[in-house]
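Student: Take a look at the following structure, please.
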Amino acid sequence: ETDISGRNSVEITFNEEPVDELMKPENFSLNIPENKTLSVNRKSSVTYDLEFAGPFNNKTLNKLIINKLCDKTGNCSQDVQVPFTPVWAETGDIIISEIMADPLPEVSLPGKEYLEITNRTEYSFDLKNWKLTSAGQSYLFPETVMKPSEIRIVCSSADTSQFKKYGCVTGLKQFPALTIGGKLICLTDSTGNLIHGVEYTSAWYKDELKTGGGWSLEMIDTNSPFYSDGNWIASSSRNGGTPGSVNSVATSNLDISFYGIQNVFPLDSLNIVLRFSEPVFDLAAKSIKFEGKEISSIQPADPLFREFSVALNVPLIKNRIYTVQISDDIKDFAGNPIQLTSFKFGLPDAPSPGDVLFNELLFNALPGDPDYLELYNNSKKILDASRLQLISINDETGDTSQISLVSDERRSILPDTYYAITVDRKKIIDRYFSADPGNLFETGSLPSMPDDKGHIVLLNRELDVIDQVFYTEKMQYSLLSDYEGVALEKIGKQLKSEEAKNWHSASESSGWGTP
């Protein structure tokens with residue numbers, strides 16, 4: 001009989017003791033005669049552990065080929081074939097399908113945090129020593145057999161009794177705190193391989209009434225496990241969630257596109273960070289072209305394989321714009337081909353006064369919409385957006401707002417390019433058809449921008465004034481009947497931002513804004 005002892009090793013037990021001289025690596029092969037064993041280790045008189053160079057074919061029939069097999073009395077068999085089917089979990093086989101991050105005040109469910117996991121396959125898996133990882137902490141699973149297509153609740157061991165009536169439950173001695181604002185949670189197997197992960201945020205609820213507590217986040221389509229925010233929404237169950245059962249929001253919601261590169265930024269002259277919009281599980285150095293430069297190594301820098309650290313053999317040169325090109329055969333988990341395959345960046349320089357100018361302002365947004373700001377790089381420098389910051393000033397009192405970063409991450413602003421920011425990128429893209437999604441970015445906060453008038457200042461990290469603008473609604477086109485949703489645009493990108501005559505309302509033909 002055979003017992004799978006690893007992804008490339010099998011333990012074989014004979015019904016009687018074999019001849020020792022035949023228990024050699026060259027006498028065994030896997031699937032084809034050329035695929036010989038690496039080692040044969042005796043565990044008992046009838047049991048041996050065989051290790052192969054490469055992994056077995058997972059979830060399919062494999063054949064252990066024994067060229068010759070003899071017992072101690074001289075009975076021999078030639079070309080013995082032993083079939084076996086190894087099974088181990090692969091990425092996406094078991095997924096996190098529901099998250100109760102804020103159970104209070106209760107709707108009908110227990111006021112306790114929980115996760116729900118779903119087996120998407122027809123195979124059983126033992127989750128012993130699997131881990132939930134969050135915020136650098138790992139939480140160990142006890143021995144848990146997850147049956148085919150099973151939906152299971154995972155919670156703190158102290159809370160298991162409260163969830164048993166809803167379905168199968170696994171309690172962890174320690175359970176990660178699931179903050180309502182969001183966090184990254186990963187499920188890994190006993191060898192540390194990623195099975196599934198999700199970085200949720202409160203915006204995924206898409207229903208402000210349900211962000212106050214008592215409602216879970218549910219995955220819409222379990223066939224698109226890495227679709228991220230496009231595949232999650234607040235539960236529609238009257239109980240507040242559906243732990244242990246098919247999600248109340250379940251419907252077809254296939255992932256049909258893969259945007260591609262989201263950012264490339266140099267940490268220094270020899271190391272860059274490359275980030276994708278979705279996980280990429282098969283990225284290799286040969287998949288990246290970098291203007292003739294050789295890549296010495298590439299390593300995942302994110303548990304969900306969205307971000308990678310790339311080391312170069314030749315240093316970058318300052319003031320030069322580089323282009324990273326990704327092979328167009330790279331696909332996301334759903335098999336969608338990558339769309340944005342190239343990205344420009346460079347080593348950043350320090351911003352000085354006048355290097356970056358205000359170019360467009362939306363300070364009187366339509367109800368439910370966010371404001372936005374657009375900047376223009378008026379220099380020949382490559383600038384780091386994260387080293388720019390904004391404040392608003394109340395000129396009547398002299399009070400200043402808290403500082404808002406132009407970017408929460410390091411990002412290149414290339415010479416003669418626009419850089420627009422808002423707190424809800426999707427809403428702005430949906431509202432303004434002339435928006436350029438490639439130059440519009442989401443940031444954590446914007447300075448206060450009153451509807452009637454305001455004073456906004458752009459600073460560097462050293463608090464030098466880079467640019468400033470004084471606006472009033474009187475700067476809008478006087479014949480407009482309503483100013484809501486109408487952006488102010490500079491009539492010339494290099495003109496002084498402080499002068500009212502250099503600003504005008506965005507046109508109706510452009511959709512009232514061009515961020």
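Student: How many lysine pairs does the range 76-164 hold where the Cα atoms are under 19 Å apart and the two sit 8 or more places apart or on different chains? List each step's numbers first, then the result.
Tutor: Working: LYS112/LYS164; LYS128/LYS147; LYS131/LYS147; LYS147/LYS164.
Eligible lysine pairs with Cα atoms under 19 Å apart amount to 4.
Student: Which three semi-axes in whole Å describe the equivalent ellipsoid of the range 191-261, each the square root of 5 times a Cα gyration tensor eigenvalue, listed largest first?
Tutor: On the way: eigenvalues 96, 42, 35 Å².
So the equivalent ellipsoid measures 22, 15, 13 Å along its semi-axes.
Student: How high is the FRET efficiency from GLU11 to ASN336, r the C-beta distance, R0 35 Å, rounded to 0.05? Don't jump to the answer; show the numbers that get you there.
Tutor: On the way: r = 40 Å, r/R0 = 1.15.
Here the calculated transfer efficiency is 0.30.
Student: Restricting things to alpha carbons, tell me how big the chain is in terms of Rg and Dmax, in Å.
Tutor: Computed over the Cα atoms of the chain, radius of gyration and Dmax are 29.4, 107 Å.
Student: Same structure, new question: Just the Kirkwood number for the range 1-60, please: inverse of mean 1/r across all distinct Cα pairs, in Å, one decimal.
Tutor: Details: mean 1/r = 0.0844 Å⁻¹.
After inverting the mean inverse Cα-Cα distance, the result is 11.8 Å.
Student: Here's another thing I want to ask about it. Need one number: nm distance between label points at SER45 and ASP416, each 7 Å from Cα along Cα→Cβ, rounded to one decimal.
Tutor: Once both label points are built, they end up 8.6 nm from each other.
Student: Near LYS427, which lysines are there with a Cα under 18 Å away, not counting those fewer than 8 places off in the same chain?
Tutor: LYS206
Student: Would you mind getting the Kirkwood hydrodynamic radius of the range 70-156 from its Cα pairs, rounded to one decimal in Å? The partial results should precede the final answer.
Tutor: Details: mean 1/r = 0.0611 Å⁻¹.
The answer is 16.4 Å.
Student: Using a 4.7 Å Cβ cut-off, which Cys residues in the chain lack a partner cysteine?
Tutor: Cysteines lacking a close Cβ partner in the chain: CYS155, CYS168, CYS186.
Student: What translational diffusion coefficient, to the nearest whole µm²/s, does the range 369-470 have by Stokes-Einstein, given a Kirkwood radius computed over alpha-carbon pairs, a temperature of 37 °C and 0.692 mPa s viscosity? Each step should come with its number before you reach the end.
Tutor: Working: Rh = 14.2 Å.
D, rounded to a whole number, is 231 µm²/s.
Student: Taking all pairs of distinct Cα atoms, average 1/r, flip it, and tell me the Kirkwood hydrodynamic radius of the range 313-413 in Å to one decimal place. Present the calculation step by step, with values, prior to reporting the outcome.
Tutor: On the way: mean 1/r = 0.0587 Å⁻¹.
Here the Kirkwood hydrodynamic radius works out to 17.0 Å.
Student: On the accessible surface of the chain, probed at 1.4 Å, how many percent belong to carbon and sulfur atoms? Working shown, then result.
Tutor: Numbers: 11690 of 24180 Å².
Its accessible area is 48 percent carbon and sulfur atoms.
Student: Rounded to the nearest 0.05, what FRET efficiency do ASP399 and LEU480 give with R0 = 25 Å and r taken as the Cβ-Cβ distance? Could you check? Mind showing how you got there, number by number?
Tutor: Numbers: r = 30 Å, r/R0 = 1.22.
According to the calculation, E is roughly 0.25.
Student: Run the simple label-point estimate for ILE429 and LEU209 please: 7 Å along Cα→C-beta, distance reported in nm.
Tutor: For ILE429 paired with LEU209, the spin-label model returns 2.8 nm.
Student: Write down Rg/Rh for the range 88-242, rounded to two decimals, with Rg from the C-alpha atoms and Rh from the Kirkwood relation over Cα pairs.
Tutor: In the range 88-242, Rg relative to Rh is 0.93.
Student: I've got another one for you. If you take the Cα Rg of the range 432-512 and divide it by 2.2 N^0.38 Å, with N the number of residues, what do you get? Walk me through the numbers on the way to the answer.
Tutor: Working: Rg = 13.9 Å, N = 81, 2.2 N^0.38 = 11.7 Å.
It is 1.19.
Student: Given LYS210/LYS453; LYS286/LYS426; LYS380/LYS496, which pairs have Cα atoms separated by over 24 Å?
Tutor: On the way: LYS210/LYS453 34 Å; LYS286/LYS426 34 Å; LYS380/LYS496 18 Å.
As for pairs spanning more than 24 Å Cα to Cα, those are LYS210/LYS453; LYS286/LYS426.
Student: For the chain, what is the mean residue ellipticity at 222 nm derived from helices alone (per DSSP H run of n ≥ 4: -39500 (n - 2.57); sum divided by total residues; nearest 500 deg cm²/dmol)?
Tutor: Working: 2 runs with 11 residues, N = 515.
Estimated from H runs of four or more residues: -500 deg cm²/dmol.
Student: Excluding residues fewer than 8 places away in the same chain, name every one of the aspartates and glutamates whose C-alpha is closer than 18 Å to that of LYS289.
Tutor: Straight-line reach from LYS289, under 18 Å: GLU307, ASP328, ASP329.
Student: Name the long-range amide H neighbours of ASP408: under 5 Å, sequence gap of 5 or more, or other chain; modelled H, no Pro or chain starts.
Tutor: The answer is GLY444.
Student: By the scheme Lys and Arg +1, Asp and Glu -1, what is the net charge of all other residues having a beta-carbon under 15 Å from that of PRO348?
Tutor: Details: positive: LYS318, ARG320, LYS344, LYS380, LYS381, ARG387, ARG410, ARG411, ARG461; negative: ASP268, ASP349, ASP355, ASP384, GLU409, GLU462.
With Lys, Arg at +1 and Asp, Glu at -1, the net is +3.
The values are calculated or read from the model by the stated rules, or taken from the named source; none is laboratory data. As the structure is a computational prediction, the values presented were derived from the model and not from experiment. As a convention, Cβ positions derive from the backbone with ideal geometry for all residues, glycine included, and neighbour counts pool all protein chains shown. Each accessible area value is taken on the protein alone, full model and side chains, heavy atoms only, with ligands, DNA and RNA left out. Shrake-Rupley method; radii C 1.70, N 1.55, O 1.52, S 1.80 Å.
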